[in-house]
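Reviewing the structure listed below.
The values are calculated or read from the model by the stated rules, or taken from the named source; none is laboratory data. Bear in mind that the values here come from a model prediction, so they are computed numbers and not experimental data. Positions of Cβ are backbone-derived with ideal geometry, glycine not excepted, and every protein chain shown enters the neighbour counts.
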Amino acid sequence: MTTIYAIISLVIGLVLGLAIKHFLTPKNRLSKADFEELMLKNKSLETEKEKFLQDIESLNKNQGNLKEEIEAKNIEIRELSSNSAVLNNELKSSKERLDEISSTLKNLESEKENLQRRDQELNKLIAENNIKIDAQNKEIADKQNRLNSLEENLKAQADELLDIKQKYSAQLEQNKSLNEKLNTQKDEINDLGEKFTKEFENLANKILEEKSKKFSEQNQTNIKQILDPLKENIDSFKKKVEEVYNTESKERFSLSERVKELAQLNEQINQEAKNLTQALKGSVKQQGNWGEMILESILENSGLVRDREFFAQEFIRDEADKTVKDEDGRRMQPDVVVKLPDDREIVIDSKVSLVAYERYSNAEDVETQNNELDNHVNSIKAHINDLDLKNYQDHLKSLDFVMMFIPIEPAYIAAVQHDKELWEYAYRKRILLISPTNLIATLKLIADLWKREQQSQNALQIAERGAYLYDKFVGFVENFEKIGDTIERSQKSYQAALGQLKDGPGNLIRQAEMLRELGVKSKKTIPSSLSENSVDSDTDIEDWMLLENSDI
């Protein structure tokens, strides 16, 4: 450090000496002002020198700190070197273990290759056995499918027969209950009619007994004219009740025959479907028309009335009576819309899938049959998707689903049996798959709902007519009493006028007779029944004259 200071001082002194020598030479002699300026610069250099020395001291201090840090780092390096030796030993040991593991792995790979070769041989044997087993299973499955198909057909027919029997039994019970209810209503209505008739007769007899002595023949004729229309209304009311009862009874008793007729109709439809298969399978339009014809035939024979309970091929209209159109701009026109009693509707659309089913029916081997059944199911799914896009139920007061009618019963059963999830696939799209048998049962239930609705309406009308008749009867009784009061007042007025006419002194009849006795000529005479009771003595005449004079 002192060496550095000495060198710096020597350099500075040398510089100053050279400067002084330079300026002291005659040639370069400076003026006093220049010398003073030079001295000032010298002082400045001295100041910078001191500052420089201070910086050197600071650097020396920092150098000491750095040495300490370097020493600490050297200690760490020595420790790390020691740890490195330990790690090298461990690494060497790990390498030895790795070599052992590698040797073991090679042995395992060799064993693996042997096992793979054995596995390939076993897989080959298993594949050969599986081929044999598959062939046997296929043969067994074919036989089992045929057996299952026969069993399912038998079960379906048994279920349908049982369902028809249950519905028939339930309908018989309902008919029995309705008969009892209607008999009760008829008895109540008859009792009510008899009660009204008796009350009316009693009241009429009572009034007639009280007023009979005062009524004339003309009054009795007027009363009869008043009572006859009421009697006719009561008879008409009874006749209407009996007609309604007889009509409902005939309809209920004919239910079993209607069920038989519908079952026969279903068989006839199936037979016609088979006969028309060849004619229809070449034209999609003809298939659609035929399916719609079958649907309308079932509807017309179900007991529902066209343009009242069901409407065919009508365009859907909105609240403004404008036709509703789909996304492609085509007017929406479902095959059939069936009305329900609660002002709701069901859309039924006929879809025919015939071509693939016809090929399935004519196929001779199982593989071809399965392929054609797949095509048949895909055709039905295409119809389902097409019907789903139309969303008929969103534009009507409809239930939350649409019925897709498949007019060929065996085609419907084959599709549902082949694809167990087909029905659920349609249901998720708010579509119910329905066959002729199911449709007949559904329409029969709807027709029965309409009959019950009509019976309820008839019962309400009967009750309303009864209430109306009772109100009219009460009004008639009130008016009848008023007539009696009026007749009684008229009778009193009549008796008073009759008394003035023929009773008492100076009555009108006697005065008229007195005029005749005084010589007044007349062509007619007063009836003797009135003149006999009038005043006819001279005393009465004198008394009357005196009475008149006194009044004057």
- Would you check if Glu261 is under 19 Å from Pro436 (Cβ atoms) and either assigned by TED's automatic domain parsing to the domain that holds Leu396 or at pLDDT below 80 (or both)? yes
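For segment 428-441, what are the residues that are touching a residue at least 24 places away in the same chain (Cβ under 8 Å) and under 25 Å from Asp342 (Cβ atoms)?
Initially, segment 428-441 is screened for residues touching a residue at least 24 places away in the same chain (Cβ under 8 Å), giving 429-437, 439-441.
Matches in segment 428-441: Lys429, Arg430, Ile431, Leu432, Leu433, Ile434, Leu439, Ile440, Ala441.
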- Message: Just to be sure I understand, how many residues within segment 377-401 are buried (at least 16 other Cβ atoms within 10 Å of the Cβ) and modelled with pLDDT of 90 or more?
- Response: 6
- Query: Name the residues in segment 355-376 that are out of contact with any Leu (no Cβ under 6 Å at 6 or more places or on another chain) and closer than 24 Å to Ile294 by Cβ, would you?
  - Reply: Val355, Ala356, Tyr357, Glu358, Arg359, Ser361, Asn362, Glu372, Leu373, Asn375, His376
- Note on the structure: Taking segment 349-368 and keeping only residues that are crowded, with 20+ Cβ neighbours inside 10 Å and of a type in the set (S, T, N, Q), one is left with Ser350, Ser353
- Query: Residues Arg452, Arg430, Arg489: which one is at positive phi, of a type outside the set (A, V, I, L, M) and at pLDDT 80 or above?
  - Reply: Arg430
- Message: If I filter segment 346-354 for residues that are out of contact with any Ser or Thr (no Cβ under 8 Å at 6 or more places or on another chain), of a type in the set (S, T, N, Q), touching a residue at least 12 places away in the same chain (Cβ under 8 Å) and closer than 30 Å to Val305 by Cβ, do I get at least one hit?
- Response: yes
- The lone exception for Gly466 - which of (1) outside the structural domain of Gln369 (by TED's automatic domain parsing); (2) crowded, with 17+ Cβ neighbours inside 10 Å; (3) closer than 25 Å to Val352 by Cα; (4) not charged (D, E, K, R) it fails: (3)
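Leu340 - would you say it is over 30 Å from Asn137 (Cα atoms), touching a residue at least 60 places away in the same chain (Cβ under 8 Å) and under 19 Å from the mean Cα position of the chain (by Cα)? Working first, answer last.
Values: over 30 Å from Asn137 (Cα atoms): yes; touching a residue at least 60 places away in the same chain (Cβ under 8 Å): yes; under 19 Å from the mean Cα position of the chain (by Cα): yes.
Yes; evaluated as a whole, the condition is true for this residue.
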- Item | Filtered residues of segment 423-440 (kept if crowded, with 18+ Cβ neighbours inside 10 Å and part of a helix (DSSP H, G or I)) | Ala426, Pro436, Thr437, Asn438, Leu439, Ile440
- Given Asn549, Asn533, which one is of a type outside the set (Gly, Ala, Ser), at pLDDT below 70, outside any helix (DSSP H, G or I) and surrounded by fewer than 16 Cβ atoms within 10 Å (Cβ to Cβ)? Asn533
- In segment 378-405, which residues are within 11 Å of the chain's Cα centre (by Cα) and either among the acidic types (Asp, Glu) or in a helix (DSSP H, G or I) (or both)? Gln393, Asp394, Asp400
- Message: Here is a check on your reading of the model: is Asp326 farther than 24 Å from Val416 by Cα, acidic (Asp, Glu) and without any contact (Cβ under 8 Å) to a residue 60 or more places away in the chain?
- Response: no
- Message: Within segment 270-281, does at least one residue satisfy the condition of being modelled with pLDDT of 80 or more and buried (at least 16 other Cβ atoms within 10 Å of the Cβ)?
- Response: no
- When segment 402-422 is checked residue by residue, the ones that are surrounded by 19 or more Cβ atoms within 10 Å (Cβ to Cβ), under 29 Å from Ala363 (Cβ atoms) and of a type in the set (A, V, I, L, M) are Met404, Ile406, Ile408, Ala411, Ala414, Ala415, Val416
- All-but-one check, Asp343 against (1) modelled with pLDDT under 80; (2) farther than 19 Å from Asp448 by Cα, failing number (2)
